[in-house]
């Protein structure tokens, strides 16, 4: 996992004080950075692939009746706008 923001969102260390090596922080504090829609099923459920600040990529499902599908990507109370759309996430990793 890499450090993200200043101070690091994952471990709380200011970037000037970061030691050499990977971030030892909590991956549960990661935020969504980018997403791509993989399509909508017959029942109205949309399939998303999301990249988080700790480097992981997850797939999630959300019904299209939700007005802001990114609301369910995680840390929704902190999201002011949706993460950026990234068409490269449509390709499986």
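The values are calculated or read from the model by the stated rules, or taken from the named source; none is laboratory data. The shown structure was predicted, so the numbers you read here are calculated from the model rather than taken from an experiment. Backbone-built Cβ (ideal geometry, glycine too); neighbour counts: all protein chains shown.
How many residues are assigned to a loop (DSSP other than H, G, I, E, B) and either in contact (Cβ under 8 Å) with a residue 40 or more places away in the chain or exposed (fewer than 11 other Cβ atoms within 10 Å of the Cβ) (or both) if we restrict to region 1-20? Write out each step before concluding.
Of the residues in region 1-20, the ones assigned to a loop (DSSP other than H, G, I, E, B) are 1-14, 18-20.
Keeping just the survivors that are either in contact (Cβ under 8 Å) with a residue 40 or more places away in the chain or exposed (fewer than 11 other Cβ atoms within 10 Å of the Cβ) (or both) gives 1-2, 4-5, 9-10, 12, 14, 19-20.
Count: 10.
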query: Of all residues in region 27-46, which are in a loop (DSSP other than H, G, I, E, B) and surrounded by 14 or more Cβ atoms within 10 Å (Cβ to Cβ)?
result: 30, 31
task: Restrict the check to region 47-59 and report whether at least one residue is out of contact with any strand residue (DSSP E or B) (no Cβ under 9 Å at 6 or more places or on another chain), in a loop (DSSP other than H, G, I, E, B), under 24 Å from residue 90 (Cβ atoms) and modelled with pLDDT under 85.
output: yes
message: For region 60-74, which positions are outside any loop (DSSP other than H, G, I, E, B) and either within 16 Å of the chain's Cα centre (by Cα) or at pLDDT below 80 (or both)?
response: 60, 61, 62, 69, 70, 71, 72
Positions within region 21-36 being without any contact (Cβ under 8 Å) to a residue 12 or more places away in the chain and within 23 Å of residue 85 (Cα to Cα), in sequence order: 28
